[in-house]
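The values are calculated or read from the model by the stated rules, or taken from the named source; none is laboratory data. Keep in mind it's a predicted model, so treat the numbers as computed, not measured. Here the Cβ is made from the backbone with ideal geometry for all residues, glycine too, and neighbour counts use every protein chain on show. Just so you know, the surface numbers come from the protein's heavy atoms only, side chains and all, with ligands and any DNA or RNA stripped out. Shrake-Rupley method; radii C 1.70, N 1.55, O 1.52, S 1.80 Å.
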Amino acid sequence: MSKFFTLVFLLCISFVPAQNSNYSTEEFEVSREDLLATNYTLDTTAHAVYIYESGFTEFDPDEDYEVVTDYKAKIKILDKQGIDYATIKVPLGKNRDSDKVMELKDFKAHTFKLVDGRIVKRKVETSATFESEHKFYNEFSFAFPDVEPGDVIQFSYKIVSPFTFDFRTWEFQEDIPKMHSQFTSKIPGNYEYHTTLTGGRKLHKHEDKVIEHCISFGITSSMAGCVETLYVMKDIPAFIQEDYMTSEDNYIAKIEYELKQVTRTDGFERKYTLTWDDADKEIRTSSNWGKQWKKDNAVEDVLPDAISSLPNTLEKAKKIYYFIQENYKWNGEYDIHGDMNIKDIVDSKSGSVLAINSLLHNVYASEEFNVSPVLASTRRNGFAPRVHPAISEYNYFFIQLNLDGTEYNLDVTDEQLDFGRLPFRALNTYARKVNLDGSSDWMAIEPNDFSNYAFRDSLKVHKDGTASGTSNQHLSGYHAVNFRNKIKENGKEKIFQDLSKAQQFTRSTDIEVENLDDVENGLQIEYTLENVSQKINDLIYLNPFSFQFFEKNPFNLDERSYPIDFGYKNAFSYSAEIHIPEGYSVKELPEQKAIRLPGNGGALIFNAVSFSENVVMVQCRMTLSQTLYTPEYYDGLKKFFNELLTVQSQSLIVLEENS
């Protein structure tokens with residue numbers, strides 16, 4: 001009997017005290033206290049808050065044993081901005097290869113108001129509901145009419161899912177706080193799931209109970225038992241997205257289910273969770289993956305003899321890469337689980353991420369290079385599961401070339417990428433490298449080099465406080481990739497206005513760009529400067545920074561519970577040679593600064609010195625030497641960027657006219 005009622009829970013359980021007692025957080029019904037309350041004490045910045053939310057998911061005999069979730073919620077609207085949360089949107093998954101789609105039923109909605117001390121409950125007509133179709137899902141939406149601050153909206157619905165092997169994920173956390181969120185699963189004892197709580201938050205309650213004779217899967221089958229499990233979480237803060245993060249799905253508090261196996265009444269066990277050996281075999285024998293990656297003969301005529309005849313050196317590897325990048329174009333689709341045939345991409349010269357990078361793989365393999373396919377997940381898609389193989393969770397593909405002991409990650413979908421550089425979307429910590437003759441393995445995705453942005457200014461200050469000169473800027477790595485793509489998209493004429501991060505007093509009369517199409521070398525941009533006057537009476541106040549590394553601090557939360565993920569290592573440098581006008585001398589130089597992040601995580605160095613009687617030299621360097629910083633770094637990084645902004649905006653060289 002025990003194997004029928006086994007659930008694997010990777011949960012961290014503790015009990016925390018409930019708060020916000022003025023609200024009726026334990027029930028779906030709306031109370032007077034819910035309406036009288038005017039704020040949420042645990043987050044006074046919240047515009048709306050879930051008072052209560054519940055879900056109950058089971059295999060429902062009344063719905064032909066499909067997976068059915070009954071959902072209920074009530075939300076307090078705290079201010080005018082909170083009215084946006086009176087629009088309900090529910091994604092409904094679908095399968096593109098079949099007609100299967102989730103269905104939303106029994107939608108009910110009410111608005112509660114306090115009018116002259118009386119509770120007024122208004123039923124909302126649901127005839128105005130709307131369902132829109134998207135590529136991978138449909139979306140049910142409904143907007144509550146006539147909602148005002150102070151109101152409470154209450155709604156419920158039922159989702160019927162035909163995907164019986166994809167048990168519902170319950171998300172405790174959203175972009176507004178929740179006082180009480182509970183989820184109950186009722187699972188037949190012969191269904192065994194891996195159940196995982198993610199997000200690092202603690203449960204208020206976790207209860208299991210066994211219900212005997214709760215379900216029968218047909219006339220001839222006997223009644224089976226079920227495990228009913230209740231999860232409760234309280235006082236859940238809003239999850240606020242901020243710059244430099246991967247998918248929020250990696251970090252929000254949620255319960256996830258993965259079907260491990262089903263045991264039939266005759267004792268036969270069907271396993272659904274693969275081992276990595278099983279997954280490797282499936283990858284190798286897939287008609288869209290492994291079998292295609294072995295079709296070297298399909299690419300025999302792709303390379304010109306001038307490249308194919310070269311010895312297998314780094315030079316040849318680069319020529320192959322740039323030849324494919326130039327002659328075969330990405331169609332904008334990932335589609336790594338769709339149909340793919342190498343011959344089709346050879347003929348059409350266009351294809352998905354899977355197709356175009358598979359072509360690159362096969363060309364290298366046909367030239368007898370050591371090359372491996374790599375299954376990955378994009379930053380937006382979230383981390384692919386590592387403990388239990390789930391091939392369907394991968395949505396990206398690139399290749400790895402091993403040459404003379406050095407590994408190069410390659411992707412030809414972006415024409416601005418240089419050899420050995422992945423697109424930013426693929427910088428998602430780790431991926432799975434496939435061995436077509438053996439076991440696959442994990443690999444780290446972390447660029448080794450720094451992406452540099454160097455400014456070299458030469459300015460001549462005039463007696464009227466204006467300044468003229470040049471700014472030579474050199475960009476490498478991801479800074480060059482980003483700039484090149486933006487120039488291609490917006491045109492050179494918009495570089496200064498839209499891309500340069502120029503100070504308000506900076507003016508440019510001419511711009512020259514070098515190496516725009518030469519991705520092997522850094523991008524060079526030269527601005528001719530004519531900066532406006534900064535003279536007050538007989539003093540010239542000169543900010544030596546004509547341009548900024550950053551225009552604002554990207555970190556503004558009081559607390560951040562998820563990592564700061566830049567994707568790559570950064571280095572910014574600023575060098576300015578400033579010529580003082582005749583008859584003037586330096587009255588004051590800005591204060592020097594040297595700030596370092598713990599653990600050699602980065603540094604900010606600023607220095608201004610009088611090089612001679614009429615020349616001031618300014619040096620500033622900022623480095624972020626890690627691609628990813630844990631949340632413990634957050635306060636330090638926030639202060640670090642504040643210091644940088646202060647240096648850029650308030651460092652003044654004061655020049656005075658000689659008497």
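Grab the Cα-Cα distance for ASN600 and THR630, subtract it from 0.36 nm times how many residues apart they are, and report the gain in nm with one decimal.
Here the answer is 9.4 nm.
With an 8 Å Cα cut-off and a minimum separation of 6 or more residues, compute the relative contact order for the chain in percent.
Reported as a whole number, the value is 9 percent.
Residue separation times 0.36 nm, minus the C-alpha to C-alpha distance between GLU588 and ILE211: what's the value?
Once the chain is fully extended between GLU588 and ILE211, it gains 127.7 nm.
Any idea what the alpha-carbon Rg over 2.2 N^0.38 Å comes to for the range 242-385?
1.35
Assigning unit charges at the beta carbon (Lys, Arg +1; Asp, Glu -1) and nothing else, what dipole magnitude in debye, to the nearest 20, does the chain show about its Cα centre?
That gives the chain a dipole magnitude of about 880 debye.
Name the long-range amide H neighbours of TYR272: under 5 Å, sequence gap of 5 or more, or other chain; modelled H, no Pro or chain starts.
Hits under the 5 Å cutoff: GLN261, VAL262.
What are the ³J(HN,Hα) values, in whole Hz, obtained from phi via the Karplus relation 6.51 cos²θ - 1.76 cosθ + 1.60 with θ = phi - 60°, for each residue of the range 423-428 in sequence order, with x given for Gly and Pro?
x, 4, 4, 8, 7, 10
Does the chain come out rounded, prolate or oblate by the C-alpha gyration tensor, with a ≥ b ≥ c the root eigenvalues, rounded set by a/c under 1.5 and, if not, prolate when a/b is larger than b/c and oblate if not?
Oblate.
Calculate the spin-label point distance for THR509 paired with SER468, positioning each point 7 Å from the Cα along the beta-carbon direction, and give it in nanometres.
0.5
What is the set of long-range amide H partners of ASN370 at a cut-off below 5 Å, with H atoms built 1.01 Å from backbone N?
Sorted by chain and number, the residues that satisfy this are ASN402.
Please compute the net charge surrounding THR623, taking Lys and Arg as +1 and Asp and Glu as -1 over other residues with Cβ under 12 Å from its Cβ.
+3
What do you get for trypsin sites (Lys or Arg not before Pro) in the range 307-351 restricted to DSSP loop and a cutoff of at most 15 other Cβ within 10 Å of the site's Cβ?
When the trypsin sites (Lys or Arg not before Pro) of the range 307-351 are filtered for loop state and at most 15 Cβ neighbours within 10 Å, LYS349 remain.
Starting from the eigenvalues of the Cα gyration tensor, five times each then square-rooted, give me the equivalent ellipsoid semi-axes of the range 47-119, largest first, whole Å.
32, 16, 10
Based on the Cβ-Cβ distance from GLU493 to ASN327, what FRET efficiency comes out when R0 is 41 Å, to the nearest 0.05?
Between GLU493 and ASN327 the formula returns 0.90.
List the residues, sorted by chain then number, that are 5 or more residues from TYR430 or on another chain and whose placed amide H is less than 5 Å from its amide H.
Those qualifying (amide H under 5 Å, at least 5 residues apart or on another chain) are ILE445.
So for the range 434-586, taking the charge dipole from beta-carbon charges (+1 Lys/Arg, -1 Asp/Glu), which of ILE580, PRO554, LEU516 sits furthest toward the positive end?
Result: ILE580.
What is the local net charge at GLU133, summed over the other residues whose Cβ is closer than 10 Å to its Cβ (Lys, Arg +1; Asp, Glu -1)?
Its environment carries a net charge of 0.
Using θ = phi - 60° and the Karplus form 6.51 cos²θ - 1.76 cosθ + 1.60, what ³J(HN,Hα) does each residue of the range 447-456 get, whole Hz, x for Gly and Pro?
Calculated HN-Hα couplings, in order: x, 7, 8, 8, 8, 9, 9, 10, 10, 10 Hz.
Roughly how much of ARG270 is accessible, in Å² to the nearest 10, using a 1.4 Å probe?
130
Taking the Cα centre of the range 22-169 as origin, sum charge times position over the Cβ atoms of Lys and Arg (+1) and Asp and Glu (-1), and report the length of that vector in debye to the nearest 20.
460
Rounded, prolate or oblate: pick one for the range 217-306, where a ≥ b ≥ c are the square roots of the eigenvalues of its C-alpha gyration tensor, a/c under 1.5 means rounded, and failing that, prolate if a/b is larger than b/c, else oblate.
Note, shape of the range 217-306 comes out oblate.
In the range 559-659, which GluC sites (Glu not before Pro) fall in coil by DSSP and have 15 or fewer other Cβ atoms within 10 Å?
Passing sites in the range 559-659 are GLU559, GLU582, GLU591, GLU613.
At a 10 angstrom cut-off on C-beta neighbours, averaged per residue, how do the peptides 478-484, 250-256 rank from highest to lowest?
Packing proxy ranking, top to bottom: 478-484, 250-256.
Below 15 angstrom from the Cβ of ASP449, what's the summed charge of the other residues (Lys, Arg +1; Asp, Glu -1)?
-2
Would you be so kind as to identify which of ILE211, HIS194, GLN182 lies farthest towards the positive end of the dipole of the range 175-215, taking Lys and Arg as +1 and Asp and Glu as -1 on Cβ and the Cα centre as origin?
Highest projection toward the positive end goes to GLN182.
Considering the dipole of the chain built from charges on the beta carbon (Lys and Arg +1, Asp and Glu -1) around the Cα centre, which of HIS474, PHE383, ASN331 is farthest to its positive end?
Going by the charge dipole, the pick is PHE383.
Can you pick out the pairs among LYS318/LYS433; LYS158/LYS291; LYS72/LYS271 whose Cα atoms lie more than 31 Å from each other?
Too far apart for the 31 Å limit: LYS158/LYS291; LYS72/LYS271.
Rank ASP175, ASP277, ASP518, ASP235 by accessible area, highest first, at a 1.4 Å probe radius?
Correct descending sequence by accessible area is ASP277, ASP175, ASP518, ASP235.
To make sure I understand the rule: partners must be lysines, Cα under 24 Å from the Cα of LYS486, and not fewer than 8 residues away in the same chain. Which ones qualify?
Answer for LYS486, where 24 Å is the Cα cut-off: LYS329, LYS494, LYS501, LYS552, LYS569, listed by chain and number.
Count the DSSP beta bridges whose two residues both fall in the range 430-589, then state the antiparallel fraction as a percent rounded to the nearest 5.
Bridges in the range 430-589 that DSSP calls antiparallel: roughly 75 percent.
If a paramagnetic tag sat 7 Å from the Cα of ASN312 along the Cα-Cβ line, which residues of the range 350-389 would have the backbone N under 20 Å from that point?
Counting only backbone N, you get 358-374.
Residue-wise, which Karplus ³J(HN,Hα) couplings in Hz belong to the range 304-311, taking 6.51 cos²θ - 1.76 cosθ + 1.60, θ = phi - 60°, and x for glycine or proline?
x, 4, 4, 8, 4, 7, 6, x
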